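Just so it is clear, none of the values below were taken in a lab; they were calculated from the coordinates. The structure presented is a predicted model; accordingly, all values stated were derived computationally and were not measured. Counting neighbours? That spans all protein chains shown, and the Cβs are built from the backbone with ideal geometry, glycine included.
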Ligand code: ADP
Ligand code: MG
């Protein structure tokens, strides 16, 4: 039995000549917290709108519980959206905002009251029924928007950057609340954000997007530890990315040296990029480590020192170290074979072959 509740198959969206979604294939299972993560303009909202039924896709299929819903109107889909700007009715109080959808459906009064009470309790706003929207804080307005969506008991809740209007502290609190709420309700959340830390903290699974394409999908740990390409490595967390090539299985060359690594299965001499996370680098005396660098700057970040250093080829290295270094120090960086993450290059098969040939000619 499949738990897949929403599925997009080969979905494209075009506006004139511009392709804003390109061959999107995603599967969303019941009861999990999913995140679409990507920079502004990468197509996140467009995907939500395709699922909610606010736009027609140009090509491809959208399924809900195994049924194709391309032609099902928005109000007949069992999903609800929490919009980026909340889209609350400013002239109505909390109760009327939350009850609105149920009144449209002409539900009996007693049922409306019961469901509104329950929804407000879920978002910890019991007792706020008669407050005007303008009397609420940003965080409270955000919770009204969520209550208004969950009162309709959707099977899937779509949340379009719902925390982006909040200040940093409130945003953190609301992250905990959202995660808890999803677990309590047990429904599927599809959350949109451009904030990688938020995505890593909240999600069961993440779809990393850029330029209308899903670059990588997986658990936060998968994506952080094994970024599939340069874009993902750069976008998710901080990283040092250096070019090199695979000498053979478990041996990669970069910075003019060969290193033991945990990766295999690439073509001999395949050009690659190597990711080393700042927290995986340790500082040691020259001669004892693997890459020699000159320390340029150092910032104390509370639980670590953030050090920027340059190797002899003037490549920049970012290091998070629990030990301080000194500006102008010449030190070695050291790391374990499993800290080296080897990525295939983001390039077409054709460019790849040309590059490989140029390597072999050397
Ligand atoms: P995100 O939510 O990731 O910031 P969107 O899904 O809103 O991105 O937009 C993806 C791309 O589609 C953007 O380049 C945007 O300008 C374009 N786009 C969105 N809606 C329209 C439209 N109605 N007409 C033309 N282009 C659009
Ligand atoms: Mg958007």
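Can you pull the one-decimal nm distance between simple spin-label points at residue 40 and residue 226, each 7 Å off the Cα toward Cβ? About 3.4 nm, to one decimal. State the Cα centre-to-centre distance between the range 1-49 and the range 239-273 in whole Å. The two parts, judged by their Cα centres, are 33 Å apart. The mean sequence separation of alpha-carbon pairs under 8 Å and at least six residues apart, normalised by the residue count of the range 66-165, gives a relative contact order of 48 percent.
From least to most packed, judged by other beta carbons within 10 angstrom and beginning with the fewest, 171, 103 follow the order 103, 171. Quick one: of the DSSP bridges fully inside the range 82-215, what percent are antiparallel, nearest 5? Here the antiparallel bridges make up roughly 35 percent for the range 82-215. If you plug the beta carbon distance of residue 168 and residue 292 into 1/(1 + (r/R0)^6) with R0 = 30 Å, you get a FRET efficiency near 0.20.
Between 0 and 90 degrees, the angle of helix 168-185 with respect to the longest Cα principal axis of the chain falls at about 70 degrees.
Peptides 122-134, 243-255 ranked from most to least packed by the mean count of surrounding Cβ atoms within 10 Å: 243-255, 122-134. Axis angle, to the nearest 10 degrees, between helix 94-104 and the longest C-alpha principal axis of the chain: 70 degrees.
Report D for the chain in µm² per second (integer): Stokes-Einstein, Kirkwood Rh on Cα pairs, 37 °C, 0.692 mPa s.
Numbers: Rh = 23.3 Å.
Approximately 141 µm²/s, per Stokes-Einstein.
Model label sites at residue 14 and residue 110, defined 7 Å from Cα along the beta-carbon direction, differ in position by 5.6 nm.
Summarising the strand pairing of the chain, around 75 percent of its internal DSSP beta bridges are antiparallel.
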